[in-house]
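Here's the structure, in structure tokens; my notes come after.
The values are calculated or read from the model by the stated rules, or taken from the named source; none is laboratory data. As the structure is a prediction and not an experimental result, all values here were calculated from the model. Cβ placement follows ideal geometry from the backbone for every residue including glycine, while neighbour counts extend to all protein chains displayed.
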Amino acid sequence: MKKALFTLLLLLIAGTSIRSALRARREADRLRANLYALNDTLCRCRTRLGEETVSVEALRLRCSEFERLRAADAAEIRRLGIRLRRAEEIARTVAATTIEVPVPVRDTVILRDTLRLFRWRDAWVEVEGLVGRDTAECRVESRDTLIQVLHRVPRRFLFIRWGTKAVRQEIVSRNPHTKIVYAEYVKIER
């Protein structure tokens with residue numbers, strides 16, 4: 001009887017030590033991946049059609065770390081009415097578009113050889129232009145920040161929340177001039 005209890009106790013101690021060692025290994029792997037992600041530069045390239053692509057490695061944060069390190073994003077998620085513990089993925093994308101357009105000016109009467117310059121700017125869009133004798137040159141630059149939050153929608157039964165009913169994606173654009181036309185999320189599970 002004493003031998004059986006002793007072996008059971010040894011098995012219990014060995015099991016908990018193996019479990020804690022595996023947990024420590026997973027945590028070390030997560031921290032190593034985060035270190036690489038923070039030191040990784042933005043990898044830019046273009047497709048054959050000339051579209052710009054950007055590749056970046058993902059950070060793996062716990063809820064408490066995200067709340068502590070990214071407090072502004074956590075507040076934005078709460079403003080959307082989403083509990084932070086239900087968020088599965090959070091992405092932020094900043095895009096800037098610059099277009100320089102020379103436009104010929106027709107059907108105008110010019111009395112003098114003067115150049116007219118115009119500028120308009122707010123926090124998100126900047127427009128500059130130069131109107132000459134027979135052409136107008138214009139440069140438009142637009143900046144936008146997209147915040148994407150993927151979160152679980154739980155099933156409900158008599159005010160009891162359980163399981164996952166769906167995974168939803170919420171997208172917020174910081175630029176008030178931007179209209180989000182299309183969004184798609186595909187999650188590939190293995």
Index of the failed condition, Asp122 passing every other in (1) more than 23 Å from the chain's Cα centre (by Cα); (2) farther than 24 Å from Glu76 by Cα: (2)
All positions within the range 120-163 that are on the phi > 0 side of the Ramachandran plot and hydrophobic (A, V, I, L, M, F, W, C): Leu158, Phe159
Every residue from the range 113-132 that is modelled with pLDDT of 80 or more and in a loop (DSSP other than H, G, I, E, B): Asp122, Ala123, Trp124
Any hit, the range 140-156, residues being at pLDDT below 75, of a type outside the set (A, V, I, L, M), over 15 Å from the mean Cα position of the chain (by Cα) and surrounded by 10 or more Cβ atoms within 10 Å (Cβ to Cβ): no
Residues that are surrounded by 11 or more Cβ atoms within 10 Å (Cβ to Cβ) and of a type in the set (Gly, Ala, Ser), drawn from the range 119-139: Gly129, Gly132, Ala136
Some residue of the range 169-179 being assigned to a strand (DSSP E or B), over 20 Å from the mean Cα position of the chain (by Cα) and at pLDDT below 75: no
